[in-house]
2 protein chains.
Amino acid sequence: MEDEIKEIIKRCDIAIKQEDFESLMNYYSDDDILVVKPGMIARRKEEIKKAFISIANYFNNSIEPTQGEMIILEAGNAELVISETLLNSDKENSEYSMDRRATYVFRKNSNGELLCAIENSYGTDLLNR
Amino acid sequence: MEDEIKEIIKRCDIAIKQEDFESLMNYYSDDDILVVKPGMIARRKEEIKKAFISIANYFNNSIEPTQGEMIILEAGNAELVISETLLNSDKENSEYSMDRRATYVFRKNSNGELLCAIENSYGTDLLNR
């Protein structure tokens, strides 16, 4: 399952860079959540798509995410991904870190599709803010 | 579901302190994994129970976990818990941090029971070690 997850994350990173949010939404289901920023959560595809559009705008439509070191912890149909997520963009002085230690939860749905359930690029930095 | 998870984690912390590993195993299923230490993973109840016994021994049978700030991200039947996990023990000079930012994944099984799927008390510190 590890290679499958790495491939999905890679495709998502490309879709975000290309602002191809329709393709990106193929990797989300209607139960999923995205931590947009500390204290702000997007729920369900429609909200998540809008959040990605806002994030792209915030970064002057130049955001390019890539992943560094990645650890995947697998427990049956659930996976916890801990990943160094690197953000690159034209924007100077972002108020958010561009080098993150992210936590992503994936799970298999009843059709056997692996989807991102919880996307939290802030990892444990959500604590003590 | 947030209160239910907090109650389960509280009961697990008490069971660990009392070294009541039989009760502790009620909150795990056979798919679950525990990150014992960076690079070492215990899988399935039997291995997880043995790992908890080793951890208790390592800390001179005086380990007492408690939780500080906790953030629970819920997506349908899956939950990502990000928690400040504080460890107290008689042992001096532990080679592991006693103040951790942990990541726990919970999921509901087909009987509706909420169980810990992935227990990683090291959080994103697993990266760049």
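The values are calculated or read from the model by the stated rules, or taken from the named source; none is laboratory data. Since the model is a prediction, treat every value here as computed from it, not as a measurement. FYI the Cβ positions are ideal-geometry reconstructions off the backbone, even for glycines, and counts take in every protein chain you see. Heads up: the accessible areas ignore ligands, DNA and RNA and are worked out on the full protein's heavy atoms, side chains in. Shrake-Rupley method; radii C 1.70, N 1.55, O 1.52, S 1.80 Å.
For A:20-29, what's the mean count of beta carbons from other chains sitting within 10 Å of each residue's beta carbon?
0
Counting partner chain Cβ atoms within 10 Å of every residue's Cβ in A:117-123, what's the average? Walk me through the intermediate numbers first.
Details: counts 10, 8, 3, 5, 0, 3, 7.
Mean shielding by partner chains, rounded to a whole number: 5.
If you take the beta carbon distance between B:E92 and A:D99 as r and set R0 to 45 Å, what does 1/(1 + (r/R0)^6) give as a FRET efficiency, to the nearest 0.05?
Details: r = 35 Å, r/R0 = 0.77.
After rounding to 0.05, the efficiency reads 0.85.
Among B:A75, B:A56, B:I41, pick out the residue whose Cα is farthest towards the positive end of the charge dipole of the range B:39-129, where Lys and Arg carry +1 and Asp and Glu carry -1 on C-beta, about the Cα centre.
Checked the options; the winner is B:I41.
Tell me, what is the 1.4 Å probe accessible area of B:M1, in Å² to the nearest 10?
About 60 Å², ignoring ligands and nucleic acids.
With +1 on each Lys and Arg Cβ and -1 on each Asp and Glu Cβ, and nothing else charged, work out how big the dipole of the protein assembly as shown is about its Cα centre, in Debye to the nearest 20. Please list the in-between numbers first.
Details: 32 positive and 50 negative charges, 5 e Å.
Magnitude of the dipole: close to 20 debye.
Taking only Cα atoms of the range A:27-129, what ratio of Rg to Rh do you get with Rh as the Kirkwood inverse-distance radius? Numbers along the way, then the final one.
Details: Rg = 14.0 Å, Rh = 14.4 Å.
Here the Rg-to-Rh quotient is 0.97.
Please go through the range B:64-108 and write out the GluC sites (Glu not before Pro) that DSSP classes as loop and that have at most 15 other C-beta atoms within 10 Å.
B:E92, B:E95
Please give the helix B:44-58 orientation as an angle from the longest Cα principal axis of chain B, in degrees from 0 to 90, rounded to the nearest 10.
30 degrees
Can you list the lysines whose alpha carbon is less than 20 Å from that of A:K17, not counting same-chain residues fewer than 8 positions off?
A:K6, A:K37, A:K45, A:K49, A:K50, A:K91
For the modelled label position 7 Å from the Cα of B:E7 along Cα-to-Cβ, which residues of the range B:105-121 have backbone nitrogen atoms closer than 19 Å?
B:106-117
Can you put A:K37, B:K10 in order of accessible area, largest first, using a 1.4 Å probe?
Descending accessible area places them as B:K10, A:K37.
Which value in deg cm²/dmol, rounded to the nearest 500, describes the helix-derived mean residue ellipticity at 222 nm for chain B, given -39,500 (n - 2.57) per DSSP H run of n ≥ 4 and division by the residue count? Intermediate results must be reported in sequence, preceding the final value.
Values: 3 runs with 35 residues, N = 129.
One gets -8500 deg cm²/dmol as the mean residue ellipticity at 222 nm.
Taking the Cα centroid of the range A:71-129 and of the range B:94-129, what is the distance between the two, rounded to the nearest whole Å?
When both Cα centres are located, 15 Å separates them.
Rg/Rh for the protein assembly as shown: what does it come to with C-alpha atoms and Rh from Kirkwood?
Here Rg/Rh amounts to 0.98.
Shielding of B:99-107 by partners, i.e. mean partner chain Cβ atoms within 10 Å per residue?
Counting other chains' Cβ atoms within 10 Å and averaging over B:99-107 gives 4.
Hey, got the dipole for the range A:23-107? About the Cα centre, +1 on K and R Cβ, -1 on D and E Cβ, debye to the nearest 20?
Numbers: 10 positive and 14 negative charges, 60 e Å.
The dipole magnitude comes to about 280 debye.
If you line up the long axis of helix B:2-17 against the longest principal axis of chain B, both from Cα atoms, how many degrees apart are they, to the nearest 10?
30 degrees
If ligands, DNA and RNA are left out, what is the accessible area of B:D30 with a 1.4 Å probe, given in Å² to the nearest 10?
80 Å²
Please compute the length gained on full extension between B:K108 and B:R43, using 0.36 nm multiplied by the number of residues separating them and subtracting their Cα-Cα distance.
The span from B:K108 to B:R43 would gain 21.6 nm if fully extended.
Just the accessible area for A:R107, please: 1.4 Å probe, Å², rounded to the nearest 10?
Ignoring ligands and nucleic acids, A:R107 comes out at about 30 Å².
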